Amino acid sequence: MLAVLLCSAAAAQPASVLPAEVQAALAAAKLPPEALAVVVADADAPRKPPRLAWRAQVPVNPASVMKLVTTFAALDQLGPAYTWQTPVYLEGTLQGGTLQGNVYIQGRGDPKLVVERLWLLLRRLQAQGVHAIAGDIVLDRSAFSLGAHDPAAFDGEPNRPYNVAPDALLVNYQAIALTFVPDSVAGVARVSYEPPLAGLQFQASVPLAAPGTACGDWRQTLRAELGEAARIAFAGVFPAACGERTWAVAPAQPAAFSARAIEGMWRALGGTLAGQVRDGRVPAGLQPAFSTTSPALAEVVRDINKYSNNVMTQQVFLTLGLQKGGAGSFEAARDALQRWWRQRLGGDADLPVVDNGAGLSREARISAQALARMLQLAWAAPVMPEYLASLPIAGVDGTLRRSTSRAAGAAHLKTGSLRDVMAVAGYVHAANGRRQVLVAIVNHPNASVARPVLDSLIDWAARDQ
């Protein structure tokens, strides 16, 4: 009987030694065990000791895995059906299709005002009878209070869409999609640009590379010239072997992107504008002519976590500040999230450092233990189905589509990677039919080679122990 009790007590203790296959993967990657922080625990048994806990209490940089905190906090507080409104106001009189005054578009943080929805917004404006604007189109972006943003500050890559700043009136993620379609007969790849940007001089075609050229790093081969706000050009060639390809880039002068996109789309729809597109405020007392509604938060969260969209996450984070903290600022958002964390998880001991909420940060910190506790809380929450469905499925979709884990289809995990960081966190469906919470974070200068280590942990968590 004593032996049975001792065995039961031992079984209740978390493993404090890494599994052999994980140690082997670390050795093969030449990573020290101290580079890794791990928790594996039953999703529905928060009082039960975890199956595995290794450096679980050490605050580490989680990279994009931090999006799990922001998105659960948003679903839990705002609800999965929450939507953003973008009201449009008309000032002046309408005479023969011409508005003798201004149009005001008020941004309230919609993360998904993409090209198609901007087109619908402006078509709806035309449905009000407005085809010519004698005044200005005024953009009210005052819902968010943000400081200056340098898109090159994080990693020197200002044209990467992940470095785009949030904006109360964020149009198409402040990125332009360049689509290249090879025409072998003409010897060129034809280039299209969405959305159309006012004042942009663009190159309509690019010469094709020599026949037989492999696709390879086709973006590098194009030798794009993106440093000027009014011009996009290419000094290189495009390999026909690539077929049709699309490349999203953030043009220069990102603060002017929304204005240029709105004017460009308005003119592309046949609308005329006597004035300009400028920033301003909606006059007091003016009532909206109509309002567009964003997709529901559940859909936005799915896009964020499946594809690790940084600017959408920051839009959601700032919305938390606006709705729960009284201001659309990062400071208000951090305060609101910390209050929620204390209420839902208790105390300050494991309080995360969320920075911008997206994990695109060198300062963000959370322990594996704290994140695992939050994931257990999420598993028991009413919004669990929407939250779980937002996570990439190993070997199936999102950022885990190319996962080589043997647990393909059985793991819903958010990924994260930065220089010196690689991480996964979420839920694994184990062979015994139970869901396991898995948090695994590598912080090390050689973290980029840690994928096999994380895959070995996914496989270990999936096995019936």
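The values are calculated or read from the model by the stated rules, or taken from the named source; none is laboratory data. Every value quoted in this text rests on a predicted model; they were computed, and no experiment measured them. Because the Cβ atoms are built from the backbone with ideal geometry, glycine has one as well, and the counts that use them run over all protein chains shown. Keep in mind that these areas ignore ligands, DNA and RNA; they rest on the heavy atoms of the full protein, side chains included. Shrake-Rupley method; radii C 1.70, N 1.55, O 1.52, S 1.80 Å.
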Of Leu122, Leu99, the only residue that is touching a helix residue (DSSP H, G or I) at 6+ places or on another chain (Cβ under 6 Å) and not in a loop (DSSP other than H, G, I, E, B) is Leu122
For the range 190-218, give me each residue that is touching an Asp or Glu at 6+ places or on another chain (Cβ under 7 Å) and among the hydrophobic types (A, V, I, L, M, F, W, C). Ala198
Here are the criteria: (1) surrounded by fewer than 21 Cβ atoms within 10 Å (Cβ to Cβ); (2) assigned to a strand (DSSP E or B). Tell me which single one Ala41 does not satisfy. (1)
Can you tell me which of Gly359, Gly328, Gly321 is open to solvent by less than 30 Å² (accessible area, probe 1.4 Å) and at positive phi? Gly359
Which of the following residues is closer than 15 Å to Ala394 by Cβ, open to solvent by 10 Å² or more (accessible area, probe 1.4 Å) and basic (Lys, Arg): Arg419, Arg434, Arg451? Arg451
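Say whether the condition of being in a loop (DSSP other than H, G, I, E, B), polar (S, T, N, Q) and either closer than 13 Å to Thr71 by Cα or open to solvent by less than 50 Å² (accessible area, probe 1.4 Å) (or both) is met by at least one residue in the range 277-295.
yes
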Does the range 161-182 contain any residue that is more than 29 Å from Leu322 (Cβ to Cβ) and assigned to a loop (DSSP other than H, G, I, E, B)? no
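Of all the residues that make up the range 48-102, how many are under 30 Å from Ala20 (Cα atoms) and either assigned by the TED database to the domain that holds Leu139 or among the small types (Gly, Ala, Ser) (or both)?
Summing the residues that are under 30 Å from Ala20 (Cα atoms) and either assigned by the TED database to the domain that holds Leu139 or among the small types (Gly, Ala, Ser) (or both) in the range 48-102 gives 4.
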Out of all the residues in the range 364-402, which are charged (D, E, K, R) and in contact (Cβ under 8 Å) with a residue 60 or more places away in the chain? Arg365, Arg373, Glu386, Asp397
Which of the residues spanning the range 209-247 are part of a loop (DSSP other than H, G, I, E, B), surrounded by 15 or more Cβ atoms within 10 Å (Cβ to Cβ) and touching a residue at least 60 places away in the same chain (Cβ under 8 Å)? none
Enumeration of residues in the range 102-117 that are of a type outside the set (Val, Ile, Thr) and under 20 Å from the mean Cα position of the chain (by Cα): Gly107, Arg108, Gly109, Asp110, Pro111, Lys112, Leu113, Glu116, Arg117
From (1) outside any loop (DSSP other than H, G, I, E, B); (2) out of contact with any Lys or Arg (no Cβ under 9 Å at 6 or more places or on another chain); (3) in contact (Cβ under 8 Å) with a residue 24 or more places away in the chain, pick out the condition that doesn't hold for Arg190. (3)
Of all residues in the range 80-113, which are closer than 22 Å to Val171 by Cα and either open to solvent by 20 Å² or more (accessible area, probe 1.4 Å) or among the hydroxyl-bearing types (Ser, Thr, Tyr) (or both)? Ala81, Tyr82, Thr83, Gln85, Thr86, Tyr89, Leu90, Asn102, Tyr104, Gln106, Arg108, Lys112
Test result for Leu120, of a type in the set (A, V, I, L, M, F, W, C), over 30 Å from Arg339 (Cα atoms), surrounded by fewer than 19 Cβ atoms within 10 Å (Cβ to Cβ) and more than 16 Å from the chain's Cα centre (by Cα): yes
I'd like the full set of residues that are among the acidic types (Asp, Glu) and in a helix (DSSP H, G or I), limited to the range 448-465. Asp455, Asp459
Restricted to the range 374-416, and to residues that are of a type in the set (Ser, Thr, Tyr) and open to solvent by less than 40 Å² (accessible area, probe 1.4 Å), which residue is farthest from the chain's Cα centre (by Cα)? Ser405
